1. Scan region 28-60 for residues that are loosely packed, with under 15 Cβ neighbours inside 10 Å and among the acidic types (D, E) and report the count.
2. Quick one: how many residues across region 141-185 are among the basic types (K, R) and either on the phi > 0 side of the Ramachandran plot or in contact with a Gly (Cβ under 9 Å, 6 or more places away or on another chain) (or both)?
3. Residues D351, D337, D310: which one is of a type outside the set (G, A, S) and either closer than 18 Å to I391 by Cβ or in contact with a Cys (Cβ under 6 Å, 6 or more places away or on another chain) (or both)?
4. Would you be able to say whether some residue in region 71-91 is within 30 Å of C328 (Cβ to Cβ), modelled with pLDDT under 90, part of a loop (DSSP other than H, G, I, E, B) and open to solvent by 40 Å² or more (accessible area, probe 1.4 Å)?
5. Could you please find all residues in region 181-220 being crowded, with 17+ Cβ neighbours inside 10 Å and among the β-branched types (V, I, T)?
6. If you check T149, T159, T136, which single one turns out to be over 30 Å from C341 (Cβ atoms) and of a type in the set (S, T, Y)?
7. Within region 160-217, which residues are outside any helix (DSSP H, G or I), free of Cβ contacts under 8 Å to residues at least 40 places away in the same chain and of a type in the set (V, I, T)?
8. Here is a check on your reading of the model: is Q52 outside any loop (DSSP other than H, G, I, E, B) and polar (S, T, N, Q)?
Amino acid sequence: MTTVLPISRLTNRMQGVINARVLKMWEAVDMRNGNVWAMNFVLLDKEGGAIQGIMPINYYRRMQRDFVEGNVCEIGRFTVEHVKKNGYLTVDHAFTLSFSGQTYVTHVSSNLRDIPTCYFVFKSLEDIGTKITEETQPIDVIGFVSDFTQIEEKMVRGTRARMQVVSIRNERGHTVQLTLWSDFIDALDIIGVHEKSNGEPVILACSSVLVKQYMGTFGLKAYAASRFYTDHKIREVKDFFERFNCNNTVNAKTPTEIDIIDCSPRVVRFKKEGPSIISLADLALLPLDNFSSGQYTCIVDIVGVNNPFDWYYEGCPKCNTKLKETFCSPCKGRKPDPSICYRLLLEVSDDTGTAEFKAVGRTAEGIVGQAASVVKGGMNMDSNELPDPLIKMIGKKFKITVSGKLQVLYKDHRTYNILHTELVSVKEQLSLLPIHDDFGDELVKGDNTVIIEDDCNEANNDVTTSLSSELNAMEDNGSKNLLKEVKQEFKNEVKKKVASSNDKDLKGKRPFDDAGGLPVCKKNPRRKLIISGQSDGETE
């Protein structure tokens, strides 16, 4: 009879049989071509011993009916080898398993249900970024969920991906952020877990997550071997919950540690703040990094294209990912008929400075107004100039929302990913920039109203009607210099009215109304006129 060996006793080149649970499995992908060449796995026996292993993909296909994550199997004729390198080793064992063509796997259905379903070697959250800095060594952590963000859409390598940040806090008040992408958001489903918690704190045990540093900040991220557990039936989750009761008092040793940790549901919250309107100068001063989840809206003019010779790429027709010799890594297949996709690095400006915004795919298509394939098909391939649709885009004013998470950051250069764009209409442009007279007095308000001091004759209506007609005509023609011309002409009209006034007080100085507002004519009432509409009538 074959002796069943405990995993903890496996050593180099030992032969035998083990009965173990397939704790987890994940693919080993060749980064050069995106092909899956092997399957990684972790086995766990009833003594709590765990070992990591690997097998070629063709062997896995032969035994994949029995070798399923969660199943308990009898495994024999394997090879035990020394760990060649510690990178991405998820368990605490000096050896690894290798399967060959002689390895057999038999599913055991009933006699080994006492084998644990989880394996952890927890690390302290305080050690992340101090004692633990290696980014290729997976770790296990546990804590309660103190905060989580809404799911956001980001542009990653030319395709849209979902992202969510979950904050984990331990019983001593130390917090670390865990960044989740796409499938890992669904695997954890923190929103659903929170809704089912009935007001109790959500305890999260993370298995095999990676440490990630960006801009001096350490956090955590999930990868293919990561698993998440919130069920109180799991011993480690239950023990943490019992140690950490609601309103648990922490013996603070330093002023930086908190005294009381509140586990009530209000600690877990959505961040629903809308985008902040900000100037380019202020945007450049923000301490943005790879973990930033904020969104900022800027009103800018497009002044140029910084990549005139590579403004498009050949992407996957399904996910828009840039192809590498017709191969798509996310789809794991070759795409003989690629699609043409935008990749625009736009130089934008406002009154405070300039910046570089990146628009990809349909976001860029909304700015240009035409599909990238149409623009490429109509361009002269022998010319070094930008295609006409891209040239017409320059000079337009847009309200652009960008992500606080930087795409590129080297030295002092920043590139911001565009999330949403909106063309600013002519009337909106007029409301953004006030018209001032020579004395610095604002004559055009943000609501497109103008205050004129005159003799209350019909000349006011003539000026207003003339400007309104010209404004509408220019809007129809799409004139790039509309604002500048309207501002200058209106200033000239105001100067003429002031110069032609018979009020002697206006010759040396200009009296102001009682409210300290705009200059008024003493012997004439004030008339409030709407540039693009009808007069509101006279007001005393």
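The values are calculated or read from the model by the stated rules, or taken from the named source; none is laboratory data. No experiment lies behind these values; they were computed from the predicted model shown. We place every Cβ from the backbone using ideal geometry, glycine too, and count neighbours over all the protein chains shown. Ligands, DNA and RNA are excluded from the accessible area calculation, which covers all protein heavy atoms including side chains. Shrake-Rupley method; radii C 1.70, N 1.55, O 1.52, S 1.80 Å.
1. Total satisfying the criteria: 2.
2. Total satisfying the criteria: 3.
3. Just one listed residue meets the conditions, D310.
4. Yes, because at least one residue in region 71-91 is within 30 Å of C328 (Cβ to Cβ), modelled with pLDDT under 90, part of a loop (DSSP other than H, G, I, E, B) and open to solvent by 40 Å² or more (accessible area, probe 1.4 Å).
5. I185, I190, V193, V202, I203, V209, V211
6. T136
7. V166 - this is the single residue of region 160-217 that is outside any helix (DSSP H, G or I), free of Cβ contacts under 8 Å to residues at least 40 places away in the same chain and of a type in the set (V, I, T).
8. yes
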